[in-house]
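Worksheet: the structure to be examined is printed underneath.
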Amino acid sequence: MEHEPLGDKTWALKEANLSVLPKAGAANSLVKRNGEYSRKSGSGPSTDPEFSPSRIMLRGLAASCLNQMKQSDLMWLVQVQMEQMAGVLALKSLCDDGKTESVLFSLLNADPMIIDVLIQTIHWTGRIADEDLERDEGFNGPPTELSPDQSAKPYVQFMSRGPLGLMVAMSQFKFSPALWAALERSEFYPLLIRRLLRLVAREALGTHDGTKLAPKARKILQNLLPGIDLQPLKRKQTATERVETHTHRSRCRRHDDGRIAECLDSAMFMKNAGLQV
């Protein structure tokens, strides 16, 4: 399959060279429309002086899935990232409708760059739901870089409903090893592994993204790296957290601002919290 260069470093699929698989249906259609992306450089005005918005129009299921997200949460993303997100969310929606096997075969039959796009939605995710950031704090690095960790609820929801959920769903089918092999051949594979390992590590820190996404990341890593031992990491509670935990379990009265006002069994309470009495 040929590629049509757009500028020096951006590539897109040539629509004329795409053929529709007769049994793939909507899955194949969504996969092929998710084809425009920046391979070597960022896609925003600050990284490409000849930047122009994508000519792809999002319609149908992809647009519907993306529109379910709060639009103000996407204000830090460049358009190509939103297109990628829409495609992945739509594919996961098809999986939810019982078409996971069709989605899997469509990905395996598509141009390898589609696998790159799937990985990019995991490792090259722009800021989601950081409305209070200054403009220069938003991430706009190239796809060859790992985007910063995020813990905002909309980010976690996207990762769970989108690329991570999609991979976990496809892992249940007997042809899933072909997908893991395709991921391994991608130039972005090391960045995928780094993101998944960071999610597992952040579970021990108690961050929202680590707590919610680490189980899915762990499942994917165990398929990509058979034999790896990834037991859930548990972090020791700090003294303050132990006090907070045992406050809820003891007969204590609290001020409106959360301070402990009175405890009928204070000595026992402090001892249970692991503190000096």
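Readers should treat all values here as calculations from the given coordinates under stated rules, not as data from a laboratory. Being a predicted model, the structure only gives us computed values, none of them experimental. Here Cβ is always computed from backbone atoms with ideal geometry, including for glycine, and neighbour counts include all displayed protein chains.
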note = Any residue on another chain or 5+ positions along whose placed amide H is under 5 Å from the amide H of T125 is listed here as S147
ask   = Per Stokes-Einstein, at 25 °C and 0.890 mPa s, what whole-number D in µm² s⁻¹ belongs to the range 148-207, with the Kirkwood radius over Cα pairs as the hydrodynamic radius?
value = 190 µm²/s
request  = Under 20 Å from a label point 7 Å along Cα→Cβ of Q157: give me every residue in the range 190-207 with its amide N that close.
outcome  = 207
inquiry  = Using each residue's phi in the range 88-104, evaluate 6.51 cos²θ - 1.76 cosθ + 1.60 at θ = phi - 60° and report the 3J(HN,Hα) Karplus result to the nearest Hz, with x for Gly and Pro.
reply    = 5, 4, 5, 5, 5, 4, 5, 4, 5, 8, x, 10, 4, 5, 5, 5, 4
ask   = Using the Cβ atoms and a cut-off under 13 Å, what net charge is assigned to the surroundings of H123, where Lys and Arg are +1 and Asp and Glu are -1?
value = -1
ask   = Pulled fully out, how much extra length does the chain show between N109 and T144, if you take 0.36 nm times their separation in residues and subtract their Cα-Cα distance?
value = 10.2 nm
request  = At 0.36 nm per residue, minus the direct Cα-Cα distance, what do A181 and K219 gain on full extension? Give it in nm, one decimal, please.
outcome  = 12.1 nm
ask   = Do the alpha carbons of any pairs in K99/K212; K99/K174; K70/K219; K174/K212; K153/K216; K70/K99 sit beyond 19 Å of each other, and which pairs?
value = K99/K212; K70/K219; K174/K212; K70/K99
message = Please report the projected area of the range 75-184's Cα convex hull averaged over all directions, in nm².
response = 7.0 nm²
